[in-house]
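As structure tokens, the structure follows; a few thoughts come after it.
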Protein chains: 2
Amino acid sequence: MSDIRVLVVEDEPVASAAHAAYVGRMAGFMLAGMAPDGQSALRLLGELAAAGEPVELVLLDMNLPDLHGLDIARRMRAAGILADIIAITAVREVAIVRSAVAIGVVQYLIKPFTFATFEDKLSSYRLFRQQLASPESGAGRTGASQSDVDQAFASLRAPSELPLPKGLSVSTLDSVKEYLKQHSGSVSATEVMAALGMSRVTARRYLEYLADAGTLTRAPRYGTPGRPENEYGWKRP
Amino acid sequence: MSDIRVLVVEDEPVASAAHAAYVGRMAGFMLAGMAPDGQSALRLLGELAAAGEPVELVLLDMNLPDLHGLDIARRMRAAGILADIIAITAVREVAIVRSAVAIGVVQYLIKPFTFATFEDKLSSYRLFRQQLASPESGAGRTGASQSDVDQAFASLRAPSELPLPKGLSVSTLDSVKEYLKQHSGSVSATEVMAALGMSRVTARRYLEYLADAGTLTRAPRYGTPGRPENEYGWKRP
DNA sequence: CCTTCCATGACCAATATGAACGCAACGGTG
DNA sequence: CACCGTTGCGTTCATATTGGTCATGGAAGG
């Protein structure tokens, strides 16, 4: 699958360059263009589409000199341009966020952010694309099932980290993550228990939290008698 | 907080009535109107907005007599109507799903569905609203933080879990389904055993469950010595 | 000193496995 | 043509482990 073409819309040159550089560092994405204001963004979108290389993803700033980001989005939709939008902005008013969702913003990044945050959002977007992009070779399977769609939506909106539920502590979570980094292959709750000297219950609770948050995958390990043991591993992009 | 005003757009009277009834059964939602086609839907949206009671959520069928659902969504956006949209449709083509996401569909329900599924989707939408609606009491907190936004997006995630019979696990069932997607022709229990590394008994139990549920067909495979082997395949509708 | 929070140990429930038995079609043989 | 041994999968059952939950204990904070 070819790279996802990205358009960066941002008026401030420093931020604009930073975003472009970030895009360049991400595998699976390529920079299709940059625009400093709304008018040129819309014009670029039209030109690239006409050239047969339509933009698939727009990193859109909300505060631009000529148009508001929401206006740009509305005009895009009105013009039939269905590129996905990730909002990148310092605006944090709830009403704006709600409107952005309504108009089809798939992710919302609040400035300032680190590359890790940026990477996380774009990765989950890429995963979403992959899950819907593969009709999975199947002969007659032209469509997706409800669970397929659900899964795709889930990876689109999975947060990097939601606030810790009661009963979990930051330091323990860090220990578990640290151990996972070293054993990047696959880990079972029992292994974590033995390695970190904690109880099986605790180890399992943290692994389970990470799996629910979408950071980890969870799959049963077959082949041995007894109830299957869950095996946790980092999610592969 | 007052109820969320819902507009049902659906041409078939039976389905339309069912959706309306479903909305009535959900706490926190109220039926604002019903439309059998795209034109009346757009007109109703305008009228209700003018009357000071704007629709906040549209349950939108994709196949309508006059306009396609995506067209309606596009015109809504062009007209500045920012109601959220939940697509309710039998269309399962991946391209449609992708376009729907791009234009701001927050949930995607594939017909036919049970009330449980419906309830699940609307509940998560309601949660999403609540999380963004509450300015969180805080003194100077006029806006949302990145984690606030993440959390709200996360509620739009669809965990959609339907109960399984005792003795079966979700992840194993997913593995089997995944393998079946890749080999859409026909599969035997022994093949699944070898491919997924599980025992023959387990593989057969899951295939048997899927066959009983009506998802799979089951036919004996003759020609070789030994008791005939059951062969499973996707049911052709 | 009281409250809150987090990890623990012990319990019951869940679920894949292996072995044992039965069954249905195949391929000779009378 | 009928019969019987062979073959391999279907089916059942006990078993082995782990997952999940609950109440408890100790530590940290006010």
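Key figures
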{"quantity": "DSSP bridge orientation in chain B - percent antiparallel, rounded to nearest 5", "calculated": "30 percent"}
{"quantity": "Coordinate range along principal axes, alpha carbons of the range A:2-142, Å, largest first", "calculated": "50, 33, 29"}
{"quantity": "Copies compared at residue A:20 - label distances in nm, ascending, label defined 7 Å from Cα in the Cβ direction", "calculated": "5.6"}
{"quantity": "Cα gyration tensor, the range A:16-96 - rounded (a/c under 1.5), prolate or oblate", "calculated": "oblate"}
{"quantity": "Across the identical copies, how the residue A:112 labels are spaced - nm, sorted shortest first, 7 Å along Cα→Cβ", "calculated": "5.7"}
{"quantity": "For the range A:153-236, the fraction of alpha-carbon pairs in successive 10 Å shells from zero, as %", "calculated": "16, 52, 27, 4"}
{"quantity": "Distances in nm from residue B:130 to the matching label points in the other copies, shortest first (labels 7 Å along Cα to Cβ)", "calculated": "3.5"}
{"quantity": "Cβ-placed point charges (K, R +1; D, E -1), dipole of the range B:170-234 about Cα centre in debye, nearest 20", "calculated": "120 debye"}
{"quantity": "Geometric extent, Cα atoms of the protein assembly as shown - Rg, Dmax (angstrom)", "calculated": "24.0, 79"}
{"quantity": "Relative contact order %, the range B:4-155, counting alpha carbon pairs below 8 Å whose residues are six or more apart", "calculated": "18 percent"}
{"quantity": "Fraction of antiparallel bridges per DSSP, the protein assembly as shown only, in percent to nearest 5", "calculated": "35 percent"}
{"quantity": "Chain A: Lys pairs at Cα distance under 20 angstrom, eight or more positions apart or on different chains", "calculated": "6"}
{"quantity": "Mean separation of Cα contacts under 8 Å, 6 or more apart, over the residue count of the range B:11-73: relative contact order %", "calculated": "31 percent"}
{"quantity": "For residue A:88, solvent-accessible area (1.4 Å; no DNA, RNA or ligand), Å²", "calculated": "0 Å²"}
{"quantity": "Accessible surface, chain B, averaged per residue in Å² (probe 1.4 Å)", "calculated": "47 Å²"}
{"quantity": "Accessible surface buried once B binds A (1.4 Å probe; total of both sides; Å²)", "calculated": "4900 Å²"}
{"quantity": "Candidates B:154, B:213, B:27, ranked by Gaussian network fluctuation over chain B, Cα under 10 Å, top entry", "calculated": "B:213"}
{"quantity": "If the convex hull is drawn through the Cα atoms of chain A, its volume per residue in Å³", "calculated": "169 Å³"}
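The values are calculated or read from the model by the stated rules, or taken from the named source; none is laboratory data. Only a predicted model underlies this, so the values are computations on that prediction, with no experimental measurement involved. Positions of Cβ are generated from backbone atoms using ideal geometry, with glycine treated the same way; all protein chains shown enter the neighbour counts. These area figures cover heavy atoms from the full protein model, side chains too; ligands, DNA and RNA do not enter into them. Shrake-Rupley method; radii C 1.70, N 1.55, O 1.52, S 1.80 Å.
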